Amino acid sequence: MCKMEVKDMSLCQRMISLGFALAIVGNISQVAVAEEGEWSSIYKDVVEHLNRDIEPNVPTADIGIYYPANLDEGFVATFSVQDLVEEVVRAKKIFAVAGVQLNLLWIKSGDIDPSYLEIQANDIATMIPGGKYANMYRNSRREQSGLSREANDAFETIIEKHPKNDRTVYLLVLQDVFMSFYEQLDERTWEIRTISTGGLSFPGYSYPTIPRRLRGVITVNRSDSKRGIVAHELGHKLINVSHEYRDVDPQHEVRADGGLMFYGTGTEIASGEDGRWHRERLHLSPYLYIETENGRRTWNADYQEGGHYYDPIYDDKSVEFDAIDEPMVDGSKK
């Protein structure tokens with residue numbers, strides 16, 4: 001059941017009806033191959049149907065999907081275009097409850113350099129452990145994680161140049177995206193851990209130095225029937241927060257039910273100070289615009305300091321908290 005302001009109820013009802021869109025994609029099993037080195041729009045009827053709910057004067061984010069044509073067959077069998085569309089439909093419902101609509105620009109197919117099908121996301125050479133006297137967001141601003149050269153080259157090659165690159169969110173399907181981070185073993189010892197991600201959002205709070213044209217990229221390589229990976233990654237990008245919810249401060253991983261930003265089945269985008277200002281931060285996102293009936297768009301203000309968690313655009317819609325030196329598991333300290 002939708003819980004939202006009365007003025008947003010009709011939007012919520014329309015978004016729930018998007019389940020009908022899946023009937024269109026029921027027969028999708030394989031992406032049509034575009035000419036080598038080019039992107040071609042595919043499944044235009046699916047995109048059109050998904051956008052039938054879009055209305056003027058409602059905060060909106062534009063999303064483009066890149067689904068490479070030369071993905072390995074074994075991968076396509078586990079994560080098809082239909083799987084991705086289902087993730088988008090789920091995300092549309094979740095964000096509608098918070099008063100934001102997601103506009104799908106296109107789904108595109110084309111060959112990419114096979115070496116980009118698996119990439120290391122961040123630059124390990126510049127990584128150091130976070131300081132123990134500042135919270136995660138303060139440390140992220142100091143360390144300013146950067147893209148690996150491989151990731152930067154892949155995104156520069158794949159994402160087509162457009163005047164609104166920096167205001168558009170791109171869902172890029174790759175087969176494996178690895179992320180590395182430090183884990184503390186004892187008082188004096190850290191080791192680098194590298195994990196394979198199901199989705200990686202490259203958010204401003206963690207990547208404030210990402211090239212402006214590429215800042216909207218989100219990589220996705222699997223679906224999850226119990227929780228919406230695309231919705232969760234869009235939360236990182238649009239709300240600009242890590243894994244946190246209400247009285248739980250952020251960590252690399254928090255596995256619990258509740259809010260959208262946990263690793264779990266929760267979908268709430270909470271508001272107010274008790275909700276860590278998630279809904280308010282969402283509505284301040286530079287990726288959002290309002291379009292009038294005559295097609296005039298008004299964009300939200302852009303980041304003033306690269307998009308770190310405490311960027312001035314958020315004013316008082318940020319949370320101060322102490323440094324945490326123990327990781328959170330299932331919503332509590334070890």
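Read the figures in this text as sums done on the coordinates, not as results from a lab. Not measured: the values here are computed from a predicted model. Note that each Cβ is placed from the backbone with ideal geometry, even for glycine, and that neighbours are counted across all protein chains shown.
On the principal axes of its Cα set, how long, how wide and how thick is the range 6-333? Give whole Å, largest value first.
Its Cα atoms span 56, 49, 36 Å along the three principal axes.
Run the simple label-point estimate for Asp113 and Ser180 please: 7 Å along Cα→C-beta, distance reported in nm.
Result for the modelled spin labels: 1.9 nm.
Show me, for the range 223-237, the HN-Hα J-couplings you get by feeding each phi into the Karplus relation (A = 6.51, B = -1.76, C = 1.60, θ = phi - 60°), rounded to Hz, glycine and proline as x.
Calculated HN-Hα couplings, in order: 10, 9, 5, 8, 8, x, 5, 4, 4, 4, 5, 5, x, 4, 6 Hz.
Just need the relative contact order of the range 109-214 here, percent rounded to a whole number, with Cα pairs under 8 Å and 6+ apart. Kindly include the intermediate steps, with their values, before the conclusion.
Details: 123 pairs, mean separation 36.9, N = 106.
Reported as a whole number, the value is 35 percent.
For the range 117-161, which semi-axes, largest first and in whole Å, follow from the square roots of 5 times the eigenvalues of its Cα gyration tensor?
27, 11, 7
May I ask which residue of Met261, Thr194, Phe75 lies farthest towards the positive end of the charge dipole of the chain, with charges of +1 (Lys, Arg) and -1 (Asp, Glu) on Cβ and the Cα centre as origin?
Most positive-ward Cα: Met261.
For the pair Asp224 and Asp153, what calculated FRET efficiency results from E = 1/(1 + (r/R0)^6), where r is the Cβ-Cβ distance and R0 = 30 Å, to the nearest 0.05?
Rounded to the nearest 0.05, the efficiency is 0.55.
I need the calculated FRET efficiency for the pair Ile195 and Asn57, taking r as the beta carbon distance and R₀ as 45 Å, to the nearest 0.05.
Working from the Cβ atoms, E equals 0.60.
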